[in-house]
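Please read the structure below before turning to the comments.
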Amino acid sequence: MTETDPGAGSDLRGTDARDGDGADASAPPAGDDDALVEVRGLRKYYYEDDTLIDRLLRREPTSIQAVDGVDLDIERGETLGLVGESGCGKSTTGETLLRLRDATDGSVRFDGEDVLSMGSSELRRFRKRAQIVFQDPFSSLDPRMTVGDVIAEGLKIHDLPAADPDVAVEADVTVDGDADVEVTVDDDVDTAVESEGGVARVPVRVDATGAGATGSADGGTRADGGPTVSFGRYDDVLAAEVTPRDGGYDVHVSVGASKRTLRRERARTLLERVGLSAGQIDRYPHEFSGGQRQRVGIARALALDPEFIVLDEPVSALDVSVQAQILNLLDDLQSEYGLTYLFIAHDLSVVRHICDRVAVMYLGEVVETGTTEELFESPKHPYTEALLESVPRADTSEQGRRVETLSGDVPSPRDPPSGCRFRTRCPEVIPPAGVAVDQSTYRSVMDLRDRLRRGDFGTGVVWEAVGDPDREDTEAFKREVRAEFGLDGLTGANGDTVEDALEVLANGREREAAERLTERFESVCETEEPVLPDEPHPAACHLYDDERAAAGVDDDADPVTDPEFGGAGMAAGMETPDPEAAGGELPDGVSDPEHGVSDGDSSDADDADDHDASEDDRDGSEP
Amino acid sequence: MSRDPTDAEPAGAPAGSPDDVLRVRNLTTRFFTEEGQVNAVEGVDFDVRDGEVFGIVGESGSGKSVTALSVIDLVESPGRITDGEVWYREPDLAAEFEDDVPAAVDGEFVDVRRLPEGVRRSLRGPSFSMIFQDPMSSLNPSVTVGEQIAEAVEVQRRASANPRRTRSRTQGYGLGRLLVDTLVPGRGYTSEASEARAVELLEQVGIPDPAERADEYPHQFSGGMLQRAMVAQALAGEPDVLIADEPTTALDVTIQAQILNLLRDLQAEQDTSVVMITHDLGVIARMCQRVGVMYAGQVVERGTLADVFDDPVHPYTEGLLGSIPDMDEPASRLEPIEGNVPSLLDSEMGERCYFADRCPKAMEDCLRPIPMYDAEGSDEHETRCVLAVEEYDEAAALPDGYFESEPDSASESGSADDPAAGEEVSTGD
Ligand code: SF4
Ligand code: SF4
């Protein structure tokens, strides 16, 4: 969607405050003061074991770090993709930055305003400008409301339509017949007439040919004995008052319908805009197919003329043929209204298609961002590489392709790995300097060590496999573990360390065995957390430390606390939250036992639960 | 190769490749719902060969899942298989029923649908096994994972204890019990040997600490692990034919890659034939040698992977391929298929190509039931579209809006919400 030009096209909003130069997809991601949304250090923790009883018993709540220090810049008019697997926190990020959930920490700036500290009236305004479309079009629509009501609900809550002082009103007058007609228009006519480029043009047709005759051809307003006045498609919502005067008429145009009718008209327009028919306005969501319901969901999000829409897996539940229709629609709407999208998805081919830039999340953190091209053509982070490698391509060349898979499952966000969160699965985890070991064997050593550390290594099972219930044949035990973990290739000091650790393990001392392995094999990936550097196409991975050090970049700079980070936006006096300072104490109101279900497993349940939970407080049902 | 649907009493097994292990013909399944008769599967034909992965691809409402259930006879009320044959190559079974049910036997092939119900059931597990999208539909939440897999192993052991006498599998055990135990494992009749085998299987599918995990309950497993457990359970029976219905759809892509690798390894090791049912053309491309495309209950195109992906004839197949964003060579705009999934209500289906209302090339000739035609490409390539035998002729094109008098969105939603028509059909858990 690089052709998107936010400055062009008609503008549903009536005002066009943008300057239209922010949509350049290849603009550097960070530090651009033109970003519409700037997220810094966003955290969202859930707490388990935090019921009243737990507190009375002084049990320590377990925190689940669903989102842990996310930085994002979303430029005006662009589509930023947020990808990752279930439980990685992408949906929670989307909902938290819209304040549909309370953030634990961090800051979100929308058009320069601090979203997280907004009071209720500011929040109300924000909710008009920033909307969300959920994955499941059905569950996000109230089954007892007609689609017309669903779409108009937000307008009703905000007591819209209301006249916009920034929109000028002009009449496009056509006079049939020979009469001198003066047309005046009420200022609030923009509530009934769509505006374009800050001007609401009212089509006024005055038919003076039959003045004096009775009857009106097209239902237009007709003053007794005077000319017929009609408004084209606005006939139902505008009214004219005709005053005869010497040699002609004065025509005064005003809104001739209730707000309710105007909202309904707007809903009809929106239905047509999203590819449904206005005649379907009184149907219920269940009468529509999945793709049609998602169109309704989009119309609902558009109703308030937002500038920014979070699209949370908007096409994941749809069949591919319908999915393509919706993607094209989203594309068209973006160019037409200059929308900015945060597109949350797990489907990488969809992301490649629709996004200008992409941020990849793993276990609550952004691990890489870049333009779509950079990220897909030259991924840097081993996790991004693994994701891209895994996607099955719909092409004959895919046949029989064997994917190098990641080992294991995503760890639990209750107890994320130290250092780099991907290190428990990373095929490129970095051995310590001076330890020469083949990469895949090193991965195996780390796998064994991690299993020992987690305490779920079953020595009993090994003895059983060896067939030695008396646990005497330690040589057989060691052989078995070596074979199981593929540790046979180790020699020299590496071999000795493993030998030593296995000996200890055979004696049942798992923890000590893990320590022996750690002493020699401890990786920088577990001791130091890689940061997402402030550079174009950053990846949070130690593999790039050398490269960056060589380029003279200060390796230890914390991107959040570094005053340089954020460029002009930061320099202009944005507050910079300090995660170190905030890490110890957590703001009130973050306890959220209901959401304590996220366990980082690979089912869809986490994200699905998130969606349900957010039903209650999403915009539209706001009191 | 087109079939005459009135051909009710075919003489013996249909022709096919000598490697076929399964030949499905004219399989027809209907759901009798309050809104009327839903034609979920409509005269489906396909063959599955020894040790191959045959793909069936389709969107919701295409009938692909009901086809799977119909092949292994798990369709539940209000659904019923109303017609069709499922010829399965199993010489022992053929020898056994040659005399009793001669119509069901042709050489080494047996038409499973004509065998007594108890025998059909006893084939489930040892002969046919199924993996579902939702592991919880085939795993009992209150029985440990290990026990459930051991259960499946036990069924296989009993079956193979006397391989020549299929009927003996059901003797002294009771048909009812066998059914219950096959579908609701965990009745506690597993032996130590089968439990040990269960642990082996868990290990084989890549579950760490299999012995310990075997003692855990399904809810203690993550989604990926559970899917593996279900693969282990399905493989426990050492089936000849494994039917995998969207086996990786609920999984993340890195886990999906693990499961697909696993399925391929196990299939190669055990020489199992796999029917891979999915909406994901990428999964089809990675896994399958031959593929059938389903639409509105019918197979509309069939052939080798190259036939279907590189030289599709049916506009639906083309549309499906044009709808997926290409990750390696992104196009600026997708070319979706207009319209929605069709209604499968018998009363609304009409005598025509079922795709005609969405087809950009619909012509007058399409307003009749379309048979399978041979198409260019390999010998296998066939399609249910007139374009295989005639050029598109603009002069004969149906005018725009030709189908608009037909019930529109109301009927579309009918098919979207009707569980019988969609893919949400209960899978017999
Ligand atoms: S920091 Fe280490 S473990 Fe993390 S992705 Fe990079 S190489 Fe892998
Ligand atoms: S038979 Fe006709 S309507 Fe049907 S797919 Fe072929 S061209 Fe289109």
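Before moving on, here are some points about what is shown:
- Annotation note: of A:I298, A:I309, the sole residue that is under 27 Å from A:T191 (Cβ atoms) and in a strand (DSSP E or B) is A:I309.
- The set of residues in segment A:394-409 being open to solvent by 40 Å² or more (accessible area, probe 1.4 Å) and closer than 25 Å to A:H537 by Cα consists of A:E404, A:T405.
- Only one of the numbered conditions (1) under 16 Å from the mean Cα position of the chain (by Cα); (2) among the hydrophobic types (A, V, I, L, M, F, W, C); (3) open to solvent by less than 10 Å² (accessible area, probe 1.4 Å) is not met by A:A299, and that is (1).
- Test: residue in segment A:435-458 that is on the phi > 0 side of the Ramachandran plot, within 13 Å of chain B (Cβ to nearest Cβ) and modelled with pLDDT under 90: yes
- Across segment A:302-330, the qualifying residues are those that are within 14 Å of another protein chain (Cβ to nearest Cβ) and acidic (D, E), and the one among them that is surrounded by the fewest Cβ atoms within 10 Å (Cβ to Cβ) is A:E313.
- Matching entry among B:R358, B:R333 (being among the charged types (D, E, K, R) and open to solvent by less than 30 Å² (accessible area, probe 1.4 Å)): B:R358
- Qualifying residues in segment A:359-385 (those that are more than 20 Å from A:R425 (Cβ to Cβ) and of a type in the set (S, T, N, Q)) - the one surrounded by the most Cβ atoms within 10 Å (Cβ to Cβ): A:T369
- Considering the conditions (1) open to solvent by 10 Å² or more (accessible area, probe 1.4 Å); (2) part of a loop (DSSP other than H, G, I, E, B); (3) in contact with a helix residue (DSSP H, G or I) (Cβ under 6 Å, 6 or more places away or on another chain), B:T249 is excluded by exactly one of them, (3).
- Within segment B:295-327, the set of residues being touching a Pro at 6+ places or on another chain (Cβ under 7 Å) and more than 15 Å from ligand 2 (Cβ to nearest atom) comprises B:S323 only.
- Taking the criterion of being open to solvent by 20 Å² or more (accessible area, probe 1.4 Å) and either at pLDDT below 90 or more than 8 Å from ligand 2 (Cβ to nearest atom) (or both), the residues of segment B:373-387 that qualify are B:Y373, B:D374, B:E376, B:G377, B:S378, B:D379, B:E380.
- Qualifying positions in segment A:410-430 - within 16 Å of ligand 1 (Cβ to nearest atom) and open to solvent by 40 Å² or more (accessible area, probe 1.4 Å): A:S418, A:P427, A:E428
- One residue stands out in segment B:305-320 among those that are within 7 Å of chain A (Cβ to nearest Cβ) and closer than 23 Å to A:R401 by Cα: the one that is surrounded by the most Cβ atoms within 10 Å (Cβ to Cβ), namely B:L320.
- Summed over segment A:479-526, the residues that are open to solvent by less than 50 Å² (accessible area, probe 1.4 Å), among the hydroxyl-bearing types (S, T, Y) and either modelled with pLDDT under 90 or closer than 24 Å to A:G408 by Cα (or both) give a count of 2.
- The number of residues in segment B:269-285 being within 7 Å of chain A (Cβ to nearest Cβ) and assigned to a strand (DSSP E or B) comes to 0.
- Matching residues, segment A:335-356, being away from every other protein chain (no Cβ under 13 Å) and open to solvent by less than 10 Å² (accessible area, probe 1.4 Å): A:G338, A:L339, A:T340, A:Y341, A:L342, A:I344
- Out of A:T369, A:T424, A:T405, sole residue that is more than 8 Å from every other protein chain (Cβ to nearest Cβ) and modelled with pLDDT under 95: A:T424
- Filtered residues of segment B:75-103 (kept if farther than 20 Å from B:L344 by Cα, buried (at least 22 other Cβ atoms within 10 Å of the Cβ) and among the aliphatic types (A, V, I, L, M)): B:V86, B:L93
The values are calculated or read from the model by the stated rules, or taken from the named source; none is laboratory data. Note that this is a predicted model, so its numbers are computed, not measured. Please note: Cβ atoms are built from the backbone with ideal geometry, for glycine as well, and neighbour counts cover all protein chains shown. Each accessible area value is taken on the protein alone, full model and side chains, heavy atoms only, with ligands, DNA and RNA left out. Shrake-Rupley method; radii C 1.70, N 1.55, O 1.52, S 1.80 Å.
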